[in-house]
1. Would a scan of region 110-127 turn up a residue that is surrounded by 14 or more Cβ atoms within 10 Å (Cβ to Cβ), at pLDDT below 90, within 28 Å of Pro9 (Cβ to Cβ) and in contact with a Lys or Arg (Cβ under 7 Å, 6 or more places away or on another chain)?
2. Quick one: in region 15-35, of everything that is over 14 Å from Val126 (Cα atoms) and of a type in the set (Val, Ile, Thr), which residue is nearest to the chain's Cα centre (by Cα)?
3. Collect the residues in region 58-109 that are open to solvent by 40 Å² or more (accessible area, probe 1.4 Å), part of a helix (DSSP H, G or I), among the polar types (S, T, N, Q) and modelled with pLDDT under 85, keeping them in residue-number order.
4. Does Leu33 qualify as being out of contact with any Pro (no Cβ under 8 Å at 6 or more places or on another chain) and modelled with pLDDT of 85 or more?
Amino acid sequence: MLAAKYRRPWPICIGILCAILVNHAIAGSVGALVAQWLTPLQLKRIVAVGFFAVAAWTLVPDQADASSAVRGSGHGVLVATTIAYFLAEMGDKTQVATVVLAAQYHPLWQVIVGTTAGMLLVNLPVVWLGTRSAAKLPLRSARISAAALFAALGLWIVLT
C-alpha cells in the first residue's frame with residue numbers, strides 16, 4: 001500500500017528497516033526475559049507450541065488496512081512508513097516468532113539480526129516490484145510453505 005501510494009521505494013525501505021529493528025528488538029528482549037524464568041523443559045514445550053501456533057496463524061491471510069497509510073502521509077514517506085509498519089507488526093506472526101526464537105537461541109543480537117534480515121528479504125522485493133507484480137505472486141502457496149516450515153520447526157523442537 002505504501003509503495004503504491006508514495007512511489008518512493010528508498011524511504012519506504014528505510015522506514016521498514018527502522019520499524020523492524022525496533023519491533024524485533026522489543027520482541028527479542030521479551031523472549032530472552034521469559035527464557036530466564038522458565039526451566040529448560042518448560043521453555044522447550046512453549047517454544048514448540050509457539051512454532052505450531054505461528055504455523056497455524058500463517059495460514060490466515062493478512063488483512064491490509066488502507067487507512068494506516070493515509071494517517072501518516074503528512075509527516076513524510078519515511079516517518080509514515082516507519083509508524084505504519086511498526087504498528088502493523090505489533091503482535092503479528094513475525095513478532096511472535098521473534099519472541100519464540102529469542103527465548104530459545106542466544107545471543108539476542110543474532111536473533112534480532114536474523115529475524116530482521118528475513119523480514120527485509122521478504123518485504124523489500126515487494127516494495128520494489130510494486131503492487132502490480134505482487135498481485136501475480138502465489139500468496140496462498142507461500143503461506144502454506146511458511147506454515148509447513150514453522151510446523152517442521154515445532155516438530156524438530158519436540159523431537160530433539
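1. Step one: of region 110-127, the residues surrounded by 14 or more Cβ atoms within 10 Å (Cβ to Cβ) are 111-116, 118-120, 123-124, 126-127.
In the following step, the residues that additionally are at pLDDT below 90 were identified as 123-124, 126-127.
If we keep only those that are within 28 Å of Pro9 (Cβ to Cβ) too, we end up with 123-124, 126-127.
Adding the requirement that they be in contact with a Lys or Arg (Cβ under 7 Å, 6 or more places away or on another chain) leaves none.
No, the conditions are met nowhere in region 110-127.
2. Checked region 15-35; the qualifying residue nearest to the chain's Cα centre (by Cα) is Ile20.
3. Ser67, Ser73
4. Numbers: out of contact with any Pro (no Cβ under 8 Å at 6 or more places or on another chain): yes; modelled with pLDDT of 85 or more: yes.
The answer is yes for Leu33.
The values are calculated or read from the model by the stated rules, or taken from the named source; none is laboratory data. As the structure is a prediction and not an experimental result, all values here were calculated from the model. Methodologically, a virtual Cβ is constructed for each residue, glycine included, from the backbone with ideal geometry; neighbour enumeration extends over all protein chains shown. Note: areas computed on protein heavy atoms with side chains; ligands, DNA, RNA excluded. Shrake-Rupley method; radii C 1.70, N 1.55, O 1.52, S 1.80 Å.
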